[in-house]
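This report refers to the structure that appears directly beneath it.
The values are calculated or read from the model by the stated rules, or taken from the named source; none is laboratory data. It should be emphasised that the depicted structure is a prediction, and the values quoted were computed from it without experimental measurement. Ideal geometry is used to build each Cβ from the backbone, glycine not excepted, and the neighbour counts take in all protein chains shown. Please note that ligands, DNA and RNA were not included when accessible areas were found on the heavy atoms of the full protein model with its side chains. Shrake-Rupley method; radii C 1.70, N 1.55, O 1.52, S 1.80 Å.
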Amino acid sequence: GFVAGKSKTDRMFELMDGFLKNDPDSLQKDILHHVEYTVARSRFSFDDFEAYQALSLSVRDRLIERWHDTQQYFKKKDPKRLYFLSLEFLMGNVINLGIRDQCAEALSQLGFEYEVLAEQEGDAALGNGGLARLSACQMDSLATLDYPAWGYGLRYQYGLFRQIILDGFQHEQPDYWLNFGNPWEIERVHVSYPVKFYGTVKEDTVNGKKCKVWIPGETVEAVAYDNPIPGYGTRNTINLRLWAAKPSDGYDIESYNTGDYINAIVNRQKAETISNVLYPDDRTYQGKELRLKQQYFFVSASLQDIVRRFKDVHGNFDDFPDKVALQLNDTHPSISIAELMRVLLDEEHLSWKKSWHILKQVFSFTTHTVLPEALEKVPIDLFQNVLPRHLQIIYEINFAFMEELKRKIGQDYVRLSRMSIVEEGAVKNIRVANLSIVCSHTVNGVSRAHYELLKTRVFKDFYELWPEKFQYKTNGVTQRRWIVVSNPSLCALISKWLGTESWIRDIDILTRLREHASNSDLQKEWMMVKKINKQRLAEYIETMSGVKVSLDAMFDVQVKRIHEYKRQLLNILGVIHRYDCIKNMEKTEREKVVPRVCIIGGKAPPGYEIAKKIIKLCHAVAETINNDDDVGDLLKLVFIPDYNVSVAELVIPGSDLSQHISTAGHEASGTGSMKFLMNGCLLLATADGSTNEIIEEIGEENMFIFGAKINEIPALREKDSSNNAPLQFVRVVRMVRDGYFGFKDYFKLLCDTVENGKDFYLLGSDFASYLEAQFHGDACWQNGMLGNT
Ligand code: 73E
């Protein structure tokens, strides 16, 4: 009972006036409250982890307030909403967002150290690499720029595997990241939708009209978990809604009736496996049923949620394209095209014509791929079995598309079959990229070079048909994570010299630093910051690998997923060459050598043998070099295990030189380079992906660019490229082959990939110019031009 005469709303205001406050006192009270009542420990005795939990929960409370306000505001305004659909988000740890200083003060009075508690938090590693981290940076920017945006994805119980190294070999361990709970998410037991699989399609009549009815064979429940994402310097707090699979209540009633109670329960439990595990990126999981089910599961739940939100306000679908934008992050969520069509046709009973008219206005598609063989395909049989109604719809879309195409280009059957959504052949496939292009109003590339390749190679036919659909937005990274959070000293320096913090919202303001570039005070402070970060990195290296490194050495870093096209092998062969040179020098010559710490890190896809051999080679070479007294501090090689967002935040600020050395035409964009660059680290790079635009921005004279250009690659491949390899290359490969670093048999296949006329990624033909660029780097270091003195 409420007090007589008072409305419910009045009472609400009385009970909860205003927002939670961010002063250290209020924070302290909240932290203790959570220790006592949520974590359920005595406030007189709790440890670091419990303090971390209570702190996060207190910050979360504040996020929830902002989140509610944001939702309410947009509900009233009813703007067009942007829905970002992605199977991967690599958020990293979240605790750093927001009110760091106040929290630190609150904690120190309670006897805890903020930085220590922050270390308690693991990464939310719900993604593989660049694509997934790009999604995270985009969410941060959308929130900061006050967009009414939502992210939708899957709440995997196992994120990307943890990499452990035993005897130099990679082993994968499950990342059961929810073991200790996730204080940042909000479980929404009431936001849940049934998702259907398998079964058959029947004809039916509704209101005198013929229609299709899908009778599913399995139903799984999707439950929402919300992850609030605050913008910087604004109250706008958007939502990343991740779906988890739960057994559905209506599940398999038949088995219960037939008395097979135990088996029915076991089968129910199987439903949960859909959202269990993130697929490690091998770019070719064609024909995996679980992958298809994961994709449809998150897409179906998201669309039900989006349609429900739309229908809350709108009586019919006429305004749907004015209120809903669906952004496809690669082809992974592209089944949403067929699913939206199915909802409009079969559930909302709109005509085909009307549904199609709506559909083609709402989707935009970003592709992240260069290689045609990496484009997703789904075997028709698999599709037919898992999503029978969707296959019908795709056939119908394709039929209409083929008719339209024939009218435009005539009976050019070779081209028609190339462009068809359905691939004919021994195994029939659905080409998911073709479906995405046909049904999206925009096809987006991730760098200018990538866009050019899309137009001239990957999607040439489609570009010629619909040039107006194609565009690019060069990838970017957020300075809020990659400077403010990961490099607080540099952040303070920049704000001091610019006299403002506005660059944290608007990155263009950083160009004003140019005015001070030659100021020797700034240069000294800058070098101090780099020293601090190198110190931090050196300590980490020592704990992880036992190798002591000199802070006076150049820290030369390549961290990213291990892949042949990214050419970590080129890097290692370069290190071997450097080692070989030092070994063959006179003692007096050695004094002139620029000392280097070569740092490599990254995960190999579990099934990718060559990538795993590259990791082992790195360890084998390191073992030899790091224990050679002739070399000492002149050269060290270290592999940093389990590279992830947290490790990146430590490694990147401490780097002097970083390598982005993919064979030209293979990296769609690359985003690592940008993170290094904004931390004052120079780039040694090929003219691939976004590097081309970085060259224009900062000038080739400020970088170490080498290697064949994109347009030279085909001709080099034509030639037997091992014949293009210089003697130094032959020599270092021979050292590996002959067992100089041990494991002779094991490295044979790896050596074979770059010799005997194979060398697809052209390590041999780029080797001389690679060494030259490295040499140039040494020379600049000697002149103090790398920011060292
Ligand atoms: O060049 C990068 C790009 O910077 C590209 O390789 C990467 O996306 C980044 C962001 O645009 C990418 N990841 C995937 N495809 N391209 C991928 C494919 C399958 C599964 C997971 C990720």
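Within the stretch 678-690, is even one residue assigned to a helix (DSSP H, G or I), at pLDDT 95 or above and surrounded by 15 or more Cβ atoms within 10 Å (Cβ to Cβ)? Looking for residues that are assigned to a helix (DSSP H, G or I), at pLDDT 95 or above and surrounded by 15 or more Cβ atoms within 10 Å (Cβ to Cβ), one finds none in the stretch 678-690, hence no. Considering only residues that are crowded, with 24+ Cβ neighbours inside 10 Å and either part of a helix (DSSP H, G or I) or more than 10 Å from the ligand (Cβ to nearest atom) (or both), which ones fall in the stretch 111-129? Result: A124, A125, L126.
What helices (runs of 4 or more DSSP H) completely inside the stretch 242-334 contain at least 2 residues that are in contact (Cβ under 8 Å) with a residue 24 or more places away in the chain and open to solvent by 10 Å² or more (accessible area, probe 1.4 Å)?
Helices (runs of 4 or more DSSP H) meeting the threshold: 289-313, 320-323.
May I ask you to list the residues in the stretch 187-229 that are among the β-branched types (V, I, T) and open to solvent by 60 Å² or more (accessible area, probe 1.4 Å)?
Of everything in the stretch 187-229, those that are among the β-branched types (V, I, T) and open to solvent by 60 Å² or more (accessible area, probe 1.4 Å) turn out to be V189, T200, T205, I215.
Of the helices (runs of 4 or more DSSP H) lying entirely inside the stretch 1-83, those containing at least 1 residues that are under 32 Å from the mean Cα position of the chain (by Cα) and among the β-branched types (V, I, T) are 48-77. Scanning the stretch 739-775 for residues that are of a type outside the set (F, W, Y) and under 18 Å from F169 (Cα atoms) yields G739, G742, K744, D745, K748, L749, L750, C751. Contact annotation: residue pairs with Cβ atoms under 8 Å, 6 or more positions apart or on different chains, pairing a residue in the stretch 186-210 that is assigned by TED's automatic domain parsing to the domain that holds R60 with a partner that is assigned to a loop (DSSP other than H, G, I, E, B) and among the aliphatic types (A, V, I, L, M), are F197/L387. Can you confirm whether W497 is of a type in the set (F, W, Y) and either in contact (Cβ under 8 Å) with a residue 40 or more places away in the chain or surrounded by fewer than 20 Cβ atoms within 10 Å (Cβ to Cβ) (or both)? Yes; evaluated as a whole, the condition is true for this residue. Taking the stretch 741-766 as the range and being modelled with pLDDT of 95 or more, of a type outside the set (V, I, T) and in contact with a Gly (Cβ under 9 Å, 6 or more places away or on another chain) as the test, the residues that pass are F743, D745, F747, L762, S765, D766. Would you say N475 is within 16 Å of the ligand (Cβ to nearest atom) and in contact (Cβ under 8 Å) with a residue 60 or more places away in the chain? So N475 passes the test. Screening I610 with (1) surrounded by 19 or more Cβ atoms within 10 Å (Cβ to Cβ); (2) more than 24 Å from D778 (Cα to Cα) gives one miss only, at (1). Of everything in the stretch 614-649 that is in a loop (DSSP other than H, G, I, E, B) and open to solvent by 10 Å² or more (accessible area, probe 1.4 Å), the residue that is nearest to L134 (Cα to Cα) is N644. Of the residues in the stretch 370-383, none is within 21 Å of F317 (Cβ to Cβ), away from the ligand (no atom under 16 Å from the Cβ), outside the structural domain of K80 (by TED's automatic domain parsing) and at pLDDT 95 or above.
Restricting the stretch 172-186 to residues that are part of a strand (DSSP E or B) and touching a Lys or Arg at 6+ places or on another chain (Cβ under 9 Å) leaves a set whose member that is surrounded by the most Cβ atoms within 10 Å (Cβ to Cβ) is I186.
Note on the stretch 143-167: among residues that are away from the ligand (no atom under 16 Å from the Cβ) and of a type in the set (A, V, I, L, M, F, W, C), the one that is nearest to F74 (Cα to Cα) is A149.
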